[in-house]
1. Name the most mobile residue of G247, G184, G119, meaning the one with the largest mean-square fluctuation, in a Gaussian network model of the chain with Cα contacts below 10 Å.
2. Shape verdict for segment 44-111, please, from the Cα gyration tensor: rounded (a/c under 1.5), prolate (a/b greater than b/c) or oblate.
3. Sort 155-161, 278-284 by the packing proxy (mean of other Cβ within 10 Å over each peptide's residues), most packed first.
4. Among 127-133, 253-259, how do they line up by average Cβ neighbours within 10 Å per residue, starting with the highest?
5. According to the square roots a ≥ b ≥ c of the eigenvalues of the Cα gyration tensor, what is the shape class of segment 9-142, taking rounded for a/c under 1.5, prolate for a/b larger than b/c otherwise, and oblate for the remainder?
6. For segment 155-236, what percent of Cα pairs sit more than 16 Å apart?
7. Give the average over all directions of the projected area of the C-alpha convex hull of the chain, one decimal, in nm².
Amino acid sequence: MKNKKADFLLGDGTKKHSQWLDVWSRLRKNPLAMICLIIVILLILVAIFAPLISPYPYAKQNPGEKMLYPSWQHLLGTDNYGRDLLSRILYGGRISLLVSVMAVVISLIVGGLIGATAGYYGGGYDTTIMRIMDILMGIPSFLFAVCISAALGTGVVNTAVAIAITGVPSYARLVRASVLSIKGNEFIEAATALGNTNMRIILKHVIPNVLSPLIVQSTLNIGAFIMAISGLSFVGLGVQPPTPEWGSIMSSGRQYIRDFYPIVTFPGVAIVITLFAFNILGDGLRDAMDPKLKK
C-alpha cells in the first residue's frame, strides 16, 4: 500500500517543480538572453543610483568647457552648454526607463481588462471592442503617439500616457486570444458553478492564466516604448529640456552632428544597447515560456 501511495504521489518518479523554476531553468540555457538580462539589470541599477554615480550634476553648465571630446575629466565629453554628457546620459536612462515602464503598466492594465472582458463576454460587446482595436492598430503607432502627445502636451506623464494609448490594442488582442483559449476549461465552469461573479472570475482565474504572454509582450514593449519616447523627445513632443532624456539630448545636438560626434553618438549607442537588450531578453523569455519546450 505504501508503494502504491508513493507511486500515486510521485507519478512517473520525476520531481515536481514550480512553473517559474522551469522557465528560469530554460532561460539559463540561452547565453545571449542571460547576457541581455545582466545588461537590463545593470541599466535598472544605473537608473536607480544615477545621483550617486553621476560625476557631475546633470544640469550644471560650464560655458568654458563647451563641446569637449572625451577625456579623463569628462569621460563622454560635454555638450554645447558645457554639461557633462555621461551625467546627462545616466539621468536620461532613468527618465527613459521610468516613462517606458509607466507606459507599459498603463497599457497593460487598460488593454488587459479590455481584452479579458471582450473575450469572456463575447457577442456584440466583443465584436464592437475588437473592431475599435482594429481601427486603432491600423494607425501607425508613432504617428498616433505624435497626435496624442500634441493634444495632451509635453512632459513625463503626458508622454507616458501618449505612448501607453498606442500599446492598448496589442495587449487587448493578446489577452482576448488567451482568454478564448481557456474560457471553456473546467476550472472556469467550476468557478461559475460556485457562484463567483464574472469580474471575480476574470480577475482571479482568467488573467493569472495569461500572465506568460503578457510578461513576454511587456518586455518587448519596454524596448519599443523607449524608442518611441526618444522619437517624441527628438521632435520636441516628449520630455522637455533641461530634463535629460536620450532623445532630447540627441535633438539638442543634431545641429552639431557633423562637427562634434559625441553629443549625438553616445545617447544613440545607449538607445541601441537598451533596445537590443530588451528585445533579445523578450525573445528568450518567449522561448522559455513556450509550453512546447517543457519536458
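1. In the Gaussian network model the winner is G184.
2. On the way: a/c = 3.58, a/b = 2.59, b/c = 1.38.
Prolate shape, in that a/c is at least 1.5 and a/b is the bigger ratio.
3. Numbers: 155-161: 19.4, 278-284: 21.9.
Listed from highest to lowest mean packing, they are 278-284, 155-161.
4. Working: 127-133: 14.9, 253-259: 12.4.
Ranking the peptides 127-133, 253-259 by packing returns 127-133, 253-259.
5. Working: a/c = 3.75, a/b = 1.56, b/c = 2.41.
Oblate, since a/c reaches 1.5 and b/c is not below a/b.
6. Numbers: 2009 of 3321 pairs.
It works out to 60 percent of all Cα pairs.
7. Numbers: hull surface 83.2 nm².
Dividing the Cα hull surface by four gives the mean projection, 20.8 nm².
Read the figures in this text as sums done on the coordinates, not as results from a lab. Just so we're clear, the structure is a prediction, and the values are computed from it rather than from any experiment. Positions of Cβ are generated from backbone atoms using ideal geometry, with glycine treated the same way; all protein chains shown enter the neighbour counts.
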